[in-house]
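Notes follow once the structure below has been shown.
The values are calculated or read from the model by the stated rules, or taken from the named source; none is laboratory data. Everything numeric here is computed off the predicted structure, so don't read it as measured data. With ideal geometry, Cβ positions are generated from the backbone for all residues, glycine too; neighbour counts draw on all protein chains shown. The protein model used for the area step is the full one, side chains on, heavy atoms only, and it has no ligands, DNA or RNA in it. Shrake-Rupley method; radii C 1.70, N 1.55, O 1.52, S 1.80 Å.
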Amino acid sequence: MALTRETVLKSIGLAVGCLAKFVTGSLFTFNVYQDAIKEKFNYTQKDVEVLSSMLNIGLGFGILPGILYDRFGPQWTSFVGLLVSVFAYILLWSTTKYIHFYTSHLWIMAAYFFFCGVGSVFTYMAALNTNVINFQDKHTGKIVGLLNAFFAGSPSIFATIFYAFFGTATDVEHQDLGGFMFLFAICFGVVDMLCMIFLRVYNAQVPSSSANIENLRSKEEDPNQREATPLIINKLTPLPIKHLLTNGDYCLFSLTFAFASSIGLVLGNNLTVISKSLHLEANNDRLVLIIPITNAITSLSIGIISDYFKKKVPRFTILITGYCGYIVCLVICLIHADKLAALYIAITIAGIGTGITWSISPTIMKEMFYVGNLGRNWGIAILGAALFGCLSQVIFGALYDAKITGNGDTYCYGMQCIRVGLTTSLVIACLSVILGVFLKCKHIKPQNLAETSCKYSSLTE
């Protein structure tokens, strides 16, 4: 069948969306240059965790671009992303020219990182929402997985660039932090301009209100589908924000996502801290590549798998499996993290868990709730995840600093430095599994979320 103009334009939008997600994924290279920040500005580990947390909180302010996107579309969302990101990274570049000033003004540096995160989430939302809406429900898993693969794989590329052109892993003192920040400013400027030009909503998969009523009426008349009605009501009917925030399904799902994503955040951003504590920092240039690569491969494959098997394997089952991966990872770290091979295995499993979490969660969000409010709904969820992730990181940093014995030292060595922090993450991982299983069991009768989505998809195609 010949390609239509609309299909070509949507494909171009998907390609630009992948590039945009690739650039926004650069935020997760913080673990690559955090030692440079610590060394240049004489910050403690808790200080560095604050900076990383502010970056993530900024990224978590998805409700702002979500609402803007739902009302004005991808062009204005990308334009705001361009302004905020470029300006924030230029400010970060300037900090390396005034090191003495910023050594005693951590809060200003933290504000810069916060706005870097805010600018990034505007780009993130424009890329994700446009492509999720443009393509039919039967392709949602694949589209989200593909986009997340670029998002997830990005840190490995930027880490390689950093170690190749801005400083080696063992010579922290001479790493060019300012140059790396300036590179980010250029990348965001270019990609946001491309988003403004090429991202358009060509075929919104949002049924009209009259269609909603007629579909719901037909469900009521069919006794075999009545059990799925509560989910379909949410799927086809817009929920005001006050009703959304009091919806038990939404709150519980967002909470499980927040718990799980915080684990991946703590492990990813503190990987070089863990390796340095265990005298394995000479392997950092390889260690920091594992999570992004496994995350990307998992994101791409799990999207295809979840679409193909969604009638037999509910997406929630796949999601909970990813949460269980975090438990396995943390147990390995607590027992054998001081052995390089075991650390490789543990962070590989963490990358798989992160890929599943960030690929399946937005897909479930689209299938459970009204797609016309996807930007707002997913934005609120990632804000909650960012705030909880910030808390988790600060706790990890405080527990790390508490184990430092020497006066004036900023580094701690030995398993005792990270054991309590990893144990805290293990407890959170267990909670995410428990809550995920509860939510799954609450709705999976014989009709599950995957089948619910499949039925709705047949109505819209």
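Only residues that are of a type in the set (Phe, Trp, Tyr) and either more than 29 Å from residue 34 (Cα to Cα) or open to solvent by less than 10 Å² (accessible area, probe 1.4 Å) (or both) were counted in the stretch 349-395, giving 3.
Take the conditions open to solvent by less than 50 Å² (accessible area, probe 1.4 Å), small (Gly, Ala, Ser), more than 22 Å from residue 57 (Cα to Cα) and at pLDDT below 85 and apply them to residue 453. Does it pass?
yes
Total residues in the stretch 239-267 satisfying the condition of being assigned to a helix (DSSP H, G or I), touching a residue at least 60 places away in the same chain (Cβ under 8 Å) and not β-branched (Val, Ile, Thr): the figure is 16. For the condition in contact (Cβ under 8 Å) with a residue 60 or more places away in the chain, open to solvent by less than 10 Å² (accessible area, probe 1.4 Å) and assigned to a helix (DSSP H, G or I), residue 153 does not qualify.
Which helices (runs of 4 or more DSSP H) sit wholly inside the stretch 1-80 and have at least 3 residues that are in contact (Cβ under 8 Å) with a residue 24 or more places away in the chain and closer than 25 Å to residue 292 by Cβ?
5-24, 30-41, 45-60
Each residue in the stretch 100-126 was checked for being among the β-branched types (Val, Ile, Thr) and open to solvent by 10 Å² or more (accessible area, probe 1.4 Å), and 3 pass.
When 21, 97 are screened for being open to solvent by less than 10 Å² (accessible area, probe 1.4 Å) and not polar (S, T, N, Q), only 21 passes.
Total residues in the stretch 290-338 satisfying the condition of being over 16 Å from residue 257 (Cβ atoms), part of a helix (DSSP H, G or I) and of a type in the set (Phe, Trp, Tyr): the figure is 1.
Quick grid of which residues meet (1) modelled with pLDDT under 80; (2) open to solvent by 70 Å² or more (accessible area, probe 1.4 Å):
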{"residue": "234", "(1), (2)": "yes, no"}
{"residue": "249", "(1), (2)": "no, no"}
{"residue": "271", "(1), (2)": "no, no"}
{"residue": "300", "(1), (2)": "no, yes"}
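Scanning the stretch 319-347 for residues that are open to solvent by 20 Å² or more (accessible area, probe 1.4 Å), hydrophobic (A, V, I, L, M, F, W, C) and more than 26 Å from residue 30 (Cβ to Cβ), we see that the one that is modelled with the lowest pLDDT is 335.
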